[in-house]
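Notes to accompany the following structure.
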Amino acid sequence: ALRYSGDQAPAFYEVDLPVVTRAKGVLSSRYAAATGVRQPAMLPLDLMTCASGAPALEALAPLGLDRSRPALVVFEAVLFYLSPPAKAALLREAAALLAEGHPASELALTDNLAPFLRSADRKDADDYFGGSLGLQLRQHETLWGGAIQFARAGAKSGE
């Protein structure tokens, strides 16, 4: 995220545990000071709180997230660490952001989706993303028989 700069640079938001965002903030501020690039906005949040209804992505609005602009929501090996209720709530919130936001917004993930999706079968992935999340699956691959899902999805066309 720190490599992008200038007036047209995208905004980056980092959501992680408070201790992790503090450490990342120190490192990124040093880099930003040395290079002049804009730092990502940090949201210190334990994503396990999503299980009790605490919003994660909605909490980015005060930090500048603009739903009228395209957004890319990325989950990289974070869902492994969440309970099924927290994982489900976070994925539903991401799906809602895509459905209500800019039509070019997308979700990209490299993660484990168990217990919701354990299969390597594209049809099962279509069923999960399309049925449970209301998203259109645009790209899908897996490793280890579906243990790791690589997916790109967006709002369904015409909705």
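Restricting attention to segment 25-46, does a residue exist that is acidic (Asp, Glu), assigned to a strand (DSSP E or B) and open to solvent by 50 Å² or more (accessible area, probe 1.4 Å)?
Filtering segment 25-46 for residues acidic (Asp, Glu) gives 46.
From what is left, the residues that are assigned to a strand (DSSP E or B) are none.
Within segment 25-46, none of the residues are acidic (Asp, Glu), assigned to a strand (DSSP E or B) and open to solvent by 50 Å² or more (accessible area, probe 1.4 Å).
So GLY130 fits all but one of (1) in a helix (DSSP H, G or I); (2) at pLDDT below 95; what number is the exception?
Every listed condition holds for GLY130 apart from (2).
May I ask you to list the residues in segment 48-80 that are loosely packed, with under 13 Cβ neighbours inside 10 Å, farther than 20 Å from LEU135 by Cα and of a type in the set (Ser, Thr, Tyr)?
Selection gives SER52 alone.
The rows are residues; the columns are (1) of a type in the set (A, V, I, L, M); (2) under 16 Å from the mean Cα position of the chain (by Cα); (3) more than 27 Å from LYS156 (Cβ to Cβ).
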residue	(1), (2), (3)
TYR13	no, yes, no
ASP16	no, yes, yes
SER29	no, no, yes
THR35	no, no, yes
ARG69	no, yes, no
LYS87	no, yes, no
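Look at segment 94-118 and say how many of its residues are out of contact with any Phe, Trp or Tyr (no Cβ under 9 Å at 6 or more places or on another chain) and polar (S, T, N, Q).
Counting residues in segment 94-118 that are out of contact with any Phe, Trp or Tyr (no Cβ under 9 Å at 6 or more places or on another chain) and polar (S, T, N, Q) gives 1.
Can you name every residue in segment 120-159 that is hydroxyl-bearing (Ser, Thr, Tyr) and open to solvent by 30 Å² or more (accessible area, probe 1.4 Å)?
Within segment 120-159, SER132, THR142, SER157 meet the criteria.
Just a yes or no: is a residue in segment 102-115 open to solvent by 20 Å² or more (accessible area, probe 1.4 Å), of a type in the set (Val, Ile, Thr) and in a loop (DSSP other than H, G, I, E, B)?
No - not one qualifying residue is present in segment 102-115.
Against the condition in a helix (DSSP H, G or I), modelled with pLDDT under 90 and not hydroxyl-bearing (Ser, Thr, Tyr), how does ALA51 come out, does it pass? Give the steps one after another, and end with the answer.
Working: in a helix (DSSP H, G or I): yes; modelled with pLDDT under 90: no; not hydroxyl-bearing (Ser, Thr, Tyr): yes.
So ALA51 does not fit the description; no.
The values are calculated or read from the model by the stated rules, or taken from the named source; none is laboratory data. Values in this document were obtained by computation on a predicted structure and should not be read as measured data. Every residue, glycine among them, receives a Cβ derived from its backbone with ideal geometry; neighbour counts consider all protein chains shown. Heavy atoms of the whole protein, side chains included, go into the accessibility calculation; ligands, DNA and RNA do not. Shrake-Rupley method; radii C 1.70, N 1.55, O 1.52, S 1.80 Å.
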